[in-house]
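Student: Would you mind keeping the following structure in view while I ask a few things?
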Amino acid sequence: MPVPNVLLSGIVGSTAYGLAHEGSDVDRLGLFAAATERLHGLRPPKESHVSTAPDRTLHEAAKWCRLALGGNPTAMELVWLPDELYEVRTELGDELIGIRTSFLSAKRVRDAYLGYATQQFRRLESRGDGSFSADTRRRTAKHARHLKRLCHQGLELYTTGRLTLRVENPQEYHEFGERVATDPTAALPLLRFYENAFGEARAALPQRPDETAVEAWLHRVRAHFYAPGARAAGRRGSGRSVHLPYR
């Protein structure tokens, strides 16, 4: 079922990183605005819609903002895509791209990117000595590539305030993935290197995100999708008003 009011949507994941190969899924991420009136009812609208064929995740605007303010690497990709990877780009979506640095803060970016990279390493570590099925080996190599990418992109964002999604040398990432698929512990030196690099680097990001700018954008979204006619329709046919005293 189509999701209305999509503000921004594009192709993310391995295609955006330049790491896709034959058979890779094409992942899409976007955000939409719920009708403002629906946010005030007994049953709030769904905050996320996830589908397959095509693989697409859409978050409601407020949820996406919360994820991005928390430094979520997957959510953050959406506002740093190359122009050619956007499939839906509205005026409000462009405004969001324009305030993308407002979501950034040093501690949240460091904790989120290193945290996700560490999760990837734990997955690798749990797979033992590499003596597993071909399918598990492929997934292990994929997790290793993500670990390396998260570390590199996170440090770039932390030290420059900018995020480049497409990696410079895809072959290097694929070779790293194959090494780690053979020996998962081969990922540990890279993780330790980036932990030290984050610790020694000077952050280019503020201590706190600019929530005022984010809130102002979200208010513009709510105003845009507010239909005052719906409220008037709710009063139609009610006759004259009767004011009862509070008891």
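The values are calculated or read from the model by the stated rules, or taken from the named source; none is laboratory data. No experiment lies behind these values; they were computed from the predicted model shown. Every residue, glycine among them, receives a Cβ derived from its backbone with ideal geometry; neighbour counts consider all protein chains shown.
Student: Looking at region 96-129 only, could you name the residues that are modelled with pLDDT of 95 or more and among the basic types (Lys, Arg)?
Tutor: Once the filter is applied, which keeps residues that are modelled with pLDDT of 95 or more and among the basic types (Lys, Arg), region 96-129 yields Arg100, Lys107, Arg108, Arg110.
Student: Another question about this same structure. Quick one: which of Arg66, Arg28 is surrounded by 19 or more Cβ atoms within 10 Å (Cβ to Cβ) and either charged (D, E, K, R) or in the same structural domain as His143 (by TED's automatic domain parsing) (or both)? Even if it seems obvious, please write down each step before you answer.
Tutor: Values: Arg66 fails: surrounded by 19 or more Cβ atoms within 10 Å (Cβ to Cβ).
Within the list Arg66, Arg28, the selection yields Arg28.
Student: Give region 55-95 a look and list any residue that's of a type in the set (D, E, K, R), over 21 Å from Pro44 (Cα atoms) and at pLDDT 95 or above, or say none. I'd like the intermediate steps shown before the answer.
Tutor: Step one: of region 55-95, the residues of a type in the set (D, E, K, R) are 55-56, 60, 63, 66, 77, 83-84, 87, 89, 91, 94-95.
Right, trim to over 21 Å from Pro44 (Cα atoms) and you get 55-56, 77, 83-84, 87, 89, 91, 94-95.
Within region 55-95, Arg56, Glu77, Asp83, Glu84, Glu87, Arg89, Glu91, Asp94, Glu95 meet the criteria.
Student: Considering (1) more than 26 Å from Glu211 (Cβ to Cβ); (2) of a type outside the set (Lys, Arg); (3) touching a strand residue (DSSP E or B) at 6+ places or on another chain (Cβ under 8 Å), say which one Ala34 fails and leave the rest.
Tutor: (1)
Student: If you go through region 26-64 one residue at a time, how many are in contact (Cβ under 8 Å) with a residue 40 or more places away in the chain, hydrophobic (A, V, I, L, M, F, W, C) and in contact with a His (Cβ under 9 Å, 6 or more places away or on another chain)?
Tutor: Summing the residues that are in contact (Cβ under 8 Å) with a residue 40 or more places away in the chain, hydrophobic (A, V, I, L, M, F, W, C) and in contact with a His (Cβ under 9 Å, 6 or more places away or on another chain) in region 26-64 gives 4.
Student: Can we say Ala230 is out of contact with any Pro (no Cβ under 7 Å at 6 or more places or on another chain), over 30 Å from Glu37 (Cβ atoms) and either modelled with pLDDT under 95 or part of a loop (DSSP other than H, G, I, E, B) (or both)? Steps first, please.
Tutor: Values: out of contact with any Pro (no Cβ under 7 Å at 6 or more places or on another chain): yes; over 30 Å from Glu37 (Cβ atoms): no; either modelled with pLDDT under 95 or part of a loop (DSSP other than H, G, I, E, B) (or both): yes.
No; evaluated as a whole, the condition is false for this residue.
Student: With the requirement that a residue be part of a helix (DSSP H, G or I) and either surrounded by 15 or more Cβ atoms within 10 Å (Cβ to Cβ) or touching a His at 6+ places or on another chain (Cβ under 9 Å) (or both), what does region 197-212 give you? Full working, then the answer.
Tutor: Of the residues in region 197-212, the ones part of a helix (DSSP H, G or I) are 197-200, 211-212.
The answer is Ala197, Phe198.
Student: Take Tyr173 and decide whether it is outside the structural domain of Ile99 (by TED's automatic domain parsing), more than 30 Å from Glu95 (Cβ to Cβ), in contact with a Lys or Arg (Cβ under 6 Å, 6 or more places away or on another chain) and touching a residue at least 24 places away in the same chain (Cβ under 8 Å).
Tutor: Numbers: outside the structural domain of Ile99 (by TED's automatic domain parsing): yes; more than 30 Å from Glu95 (Cβ to Cβ): yes; in contact with a Lys or Arg (Cβ under 6 Å, 6 or more places away or on another chain): yes; touching a residue at least 24 places away in the same chain (Cβ under 8 Å): yes.
It is true that Tyr173 is outside the structural domain of Ile99 (by TED's automatic domain parsing), more than 30 Å from Glu95 (Cβ to Cβ), in contact with a Lys or Arg (Cβ under 6 Å, 6 or more places away or on another chain) and touching a residue at least 24 places away in the same chain (Cβ under 8 Å).
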